[in-house]
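The values are calculated or read from the model by the stated rules, or taken from the named source; none is laboratory data. Small disclaimer: the values here were computed from a predicted structure and weren't measured. Cβ atoms come from the backbone with ideal geometry, glycine included; neighbour counts cover every protein chain shown.
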Ligand code: FES
């Protein structure tokens, strides 16, 4: 046997070790890479939720809008119209609009705020001080001072809005409701 073909035992072991080294490095790299990918996904979840929130949030979602000083409505004798500033979100677009509401009293004498949108087909109802009722100029629906239905094609009374008093300020949560339904239902 020539010297070229003969190898010492230690040399063979070294050769095997050096052949395994790339495999170990590949395995270690796969573990680190996998760990970083999982970490990246977990870290991205809050950002994705934040980015998508406006797309699945209700379009009609809005905060509380100022109506006026609460004590100025305590002695109401008939409904008064107020314009409230409403901030609405549609995807990432935020728009600000003024919407008319009526501050009135319910049958128990508690202050309530009514949407001025007719539940029939969405025209704006108007308070008639002469006749002491609300009427809709589009198809003639009539409502009592507390918003309850009197007559006409409207399927229900005027829609009441959620209210709260913060400090001395009466606030309302403005919402849109589905039309042509006998019961109030928030529109998405
Ligand atoms: S929209 Fe009001 S009665 Fe038709």
Which residue is nearest to the chain's Cα centre (by Cα), if the candidates are limited to the stretch 29-87 and must be at pLDDT 90 or above and assigned to a helix (DSSP H, G or I)?
70
Consider residue 180 carefully, then state whether it is surrounded by fewer than 15 Cβ atoms within 10 Å (Cβ to Cβ) and within 11 Å of the ligand (Cβ to nearest atom).
yes
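For the stretch 149-171, enumerate the residues that are in a loop (DSSP other than H, G, I, E, B) and touching a residue at least 24 places away in the same chain (Cβ under 8 Å). Lay out the reasoning, then the answer.
Narrowing the stretch 149-171 to residues in a loop (DSSP other than H, G, I, E, B): 152-159, 167-168.
If the condition is that a residue be in a loop (DSSP other than H, G, I, E, B) and touching a residue at least 24 places away in the same chain (Cβ under 8 Å), then 152, 153, 154, 155, 156, 157, 158, 159, 168 are the ones that fit.
Those residues that are assigned to a loop (DSSP other than H, G, I, E, B) and more than 10 Å from the ligand (Cβ to nearest atom), I need them from the stretch 124-148; list them, please.
If we filter the stretch 124-148 for residues that are assigned to a loop (DSSP other than H, G, I, E, B), which is where we start, we get 125, 129-132, 136-141, 144-148.
Once the filter is applied, which keeps residues that are assigned to a loop (DSSP other than H, G, I, E, B) and more than 10 Å from the ligand (Cβ to nearest atom), the stretch 124-148 yields 129, 130, 131, 132, 144, 145, 146, 147, 148.
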Go through the residues of the stretch 107-117 one by one and say whether even a single one is near the ligand (Cβ under 10 Å from one of its atoms) and in the same structural domain as residue 68 (by TED's automatic domain parsing).
yes
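Return yes or no: is residue 121 assigned to a strand (DSSP E or B) and either farther than 24 Å from residue 65 by Cβ or within 16 Å of the ligand (Cβ to nearest atom) (or both)? Walk me through how you get there before you give the answer.
Details: assigned to a strand (DSSP E or B): no; either farther than 24 Å from residue 65 by Cβ or within 16 Å of the ligand (Cβ to nearest atom) (or both): yes.
Against the criterion (assigned to a strand (DSSP E or B) and either farther than 24 Å from residue 65 by Cβ or within 16 Å of the ligand (Cβ to nearest atom) (or both)), residue 121 does not qualify.
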Can you give me the number of residues within the stretch 91-118 that are outside any loop (DSSP other than H, G, I, E, B) and either in contact with a helix residue (DSSP H, G or I) (Cβ under 7 Å, 6 or more places away or on another chain) or surrounded by 16 or more Cβ atoms within 10 Å (Cβ to Cβ) (or both)?
12
